[in-house]
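What follows is a single structure, written as structure tokens, with notes after it.
The values are calculated or read from the model by the stated rules, or taken from the named source; none is laboratory data. Here the structure is a predicted model, which means the values were calculated and not measured. All Cβ positions, even for glycine, are placed from backbone atoms using ideal geometry, and neighbour counts span all protein chains on display. Heavy atoms of the whole protein, side chains included, go into the accessibility calculation; ligands, DNA and RNA do not. Shrake-Rupley method; radii C 1.70, N 1.55, O 1.52, S 1.80 Å.
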Amino acid sequence: QVQLVESGGGLVQAGGSLRLACAASGRTFSSTAMGWFRQAPGKEREFVAAISWSGSSPYYADSVKGRFTISRDNAKNTLYLQMNSLKPEDTAVYYCAARRGLRATVSDDYRDWGQGTQVTVSS
């Protein structure tokens, strides 16, 4: 099991940038694929980005491709999400999660979740 704590959210103007971090505890982080999801008010949780245990093979939702970058530092037990060119529609609570199943974009295949961090993008 992995315990996860997100940070780095906040209020930013459209076009701005934020870098989210997800600090993990537990011995299995470095061998666990990870992902970022988000949930806007009144909407279902949606996939944002995923990364393999080694940091290779990042994968992105079409809505963030070219603007967001997922990365990890296994020595620091930390997952990151660099968000550039932010848009008002990126406003949501962002969650990091540890994947236990095979499907990188499906939230049911993630078992361990952080508490979330709020990102608000003003127009």
Exercise for the section: Using the structure shown, decide if Gly35 is modelled with pLDDT of 95 or more and farther than 23 Å from Ser122 by Cβ. Expected result: yes
Exercise for the section: Sort out for me the strands (runs of 3 or more DSSP E) sitting completely within region 46-123 that have 2 or more residues that are surrounded by fewer than 14 Cβ atoms within 10 Å (Cβ to Cβ) and on the phi < 0 side of the Ramachandran plot. Expected result: 117-122
Completion exercise
Within region 100-113, residues being touching a Phe, Trp or Tyr at 6+ places or on another chain (Cβ under 7 Å) and either modelled with pLDDT of 95 or more or more than 24 Å from Leu86 (Cα to Cα) (or both) number 2
Exercise for the section: Could you tell me which of the residues Gln13, Gln3 is open to solvent by 80 Å² or more (accessible area, probe 1.4 Å) and more than 21 Å from Asp90 (Cβ to Cβ)? Expected result: Gln3
Practice task
For Pro58, work out the one condition from (1) within 20 Å of Val93 (Cβ to Cβ); (2) without any contact (Cβ under 8 Å) to a residue 24 or more places away in the chain it doesn't fulfil.
Solution key: (1)
Practice task
Filter region 9-32 down to the residues that are under 16 Å from the mean Cα position of the chain (by Cα) and either basic (Lys, Arg) or assigned to a loop (DSSP other than H, G, I, E, B) (or both), then identify the one that is modelled with the lowest pLDDT.
Solution key: Thr32
Practice task
Return yes or no: is Ser71 among the small types (Gly, Ala, Ser), under 24 Å from Val121 (Cα atoms) and within 10 Å of the chain's Cα centre (by Cα)?
Solution key: yes
Practice task
Those residues that are of a type in the set (Lys, Arg) and in a strand (DSSP E or B), I need them from region 33-45; list them, please.
Solution key: Arg38
